[in-house]
1. Out of all the residues in the range 129-139, is one or more aliphatic (A, V, I, L, M) and buried (at least 17 other Cβ atoms within 10 Å of the Cβ)?
2. Return the residue satisfying two criteria in turn: it lies in the range 163-174 and is surrounded by fewer than 24 Cβ atoms within 10 Å (Cβ to Cβ) and not in a strand (DSSP E or B), and of such residues it is farthest from the ligand (Cβ to nearest atom).
3. For Tyr202, indicate whether it is among the aromatic types (Phe, Trp, Tyr), part of a loop (DSSP other than H, G, I, E, B) and more than 15 Å from the ligand (Cβ to nearest atom).
4. Looking at (1) within 10 Å of the ligand (Cβ to nearest atom); (2) over 18 Å from the mean Cα position of the chain (by Cα), which is the only condition Phe148 fails?
5. What do you reckon, is Cys219 within 16 Å of the ligand (Cβ to nearest atom), of a type outside the set (D, E, K, R) and at positive phi?
6. Mind telling me which of the residues Ser112, Ser134 ends up being over 21 Å from Ser158 (Cβ atoms) and of a type in the set (Ser, Thr, Tyr)?
7. Could you tell me which of the residues Ala189, Ala224 is in a helix (DSSP H, G or I) and either away from the ligand (no atom under 15 Å from the Cβ) or open to solvent by 50 Å² or more (accessible area, probe 1.4 Å) (or both)?
8. Report whether or not Phe214 is outside any helix (DSSP H, G or I), over 27 Å from Phe92 (Cβ atoms) and among the hydrophobic types (A, V, I, L, M, F, W, C).
Amino acid sequence: MNRELVIAAAQMGPNQRSDSRTQIVQRMLDLMEKAARCGAEMIVYPELALTTFFPRWYLKDAAEIDSFFETEMPGPETQPLFTRARQLGVAFSFGFAEKVEHLGGSERFNTSILVDKDSNIALRYRKIHVPGHSQYESWRPFQHLEKFYFKPGKDYFSTARILNTEFSLAICNDRRWPETYREMALRGAEVALIGYNTPMHYAPMPSHDHLQSFHNHLCMQAGAYQNGLWVVGVAKAGLEEGCQLLGQTCIIAPTGEIVAQASSTGDEVILALCNIDRVKEIRENVFNFEHHRRPEMYPMISATH
Ligand code: CDV
């Protein structure tokens, strides 16, 4: 008997700076209701789902910076997501800016969580490939200061088993790196959940702007196929604070085929009935790691220097 799972990708339209958490969470709840009505068992939201993509600004005021970060999860404003998901019996995943306070001070991460259908956090992932720059750069039309706001995650990609399926999490820029998917697959992941915020304009190489859509699907479809993974890529899309963000939310089968895709850049739910056992079509054949992979011939890949 094949393991089948209805997975929903809950694309979000733009979050403006003036939108309150309560308003944004309400939109997420509306998407959750729709997805559950259509039979979703897992609902996936984008990176930094609770706020606008604030790394586009160089902010100096500590209190203002703090306003974009969560110090507890769930907190009072996010609890409704956990409560409603539990009532509906759905699992979910979303990204947020996380501030971790400890005795020596605090650390900030770009984080994503996986929550099981009883509303327990089953997996927490902190973005490993933190892109952009760490200082204000005046020549840019807008900043990409992720390296200023976030530390890279210190934990490896890992997996959690919920809904009888091995899930792994990654965040936005991670999806462009082949190592992300290979690490996940080697660790037994069957489904990769990846939220993103991708501006259509890439300031360091604007001649590639027209390739944003192509590169988005290229890397996720290749990652899915070359590692025998289901991949769920979920955008925060549309015109956010004057910055156009890519849509193209999609669900990709282990064959690399897109089986569902959003057709807007606003709040939109797409779903697919995913036969999780299809990972074997790839992993027991063309990419049977044990039989065909030659790690002893790839020393440069794992070299840390
Ligand atoms: N949020 C992101 O990680 N965005 C990056 C940048 C480089 C545009 C991305 O890879 O889409």
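1. Yes, some residue in the range 129-139 is aliphatic (A, V, I, L, M) and buried (at least 17 other Cβ atoms within 10 Å of the Cβ).
2. Asn164
3. no
4. (1)
5. So Cys219 fails the test.
6. None of the others qualify; the one that does is Ser134.
7. Residue meeting the stated conditions: Ala224.
8. Answer is no for this residue.
The values are calculated or read from the model by the stated rules, or taken from the named source; none is laboratory data. Since the structure is predicted, the reported quantities are computational estimates derived from the model, not experimental observations. Neighbour counts are summed over all protein chains in view; Cβ atoms, including those assigned to glycine, are modelled from backbone coordinates with ideal geometry. Please note that ligands, DNA and RNA were not included when accessible areas were found on the heavy atoms of the full protein model with its side chains. Shrake-Rupley method; radii C 1.70, N 1.55, O 1.52, S 1.80 Å.
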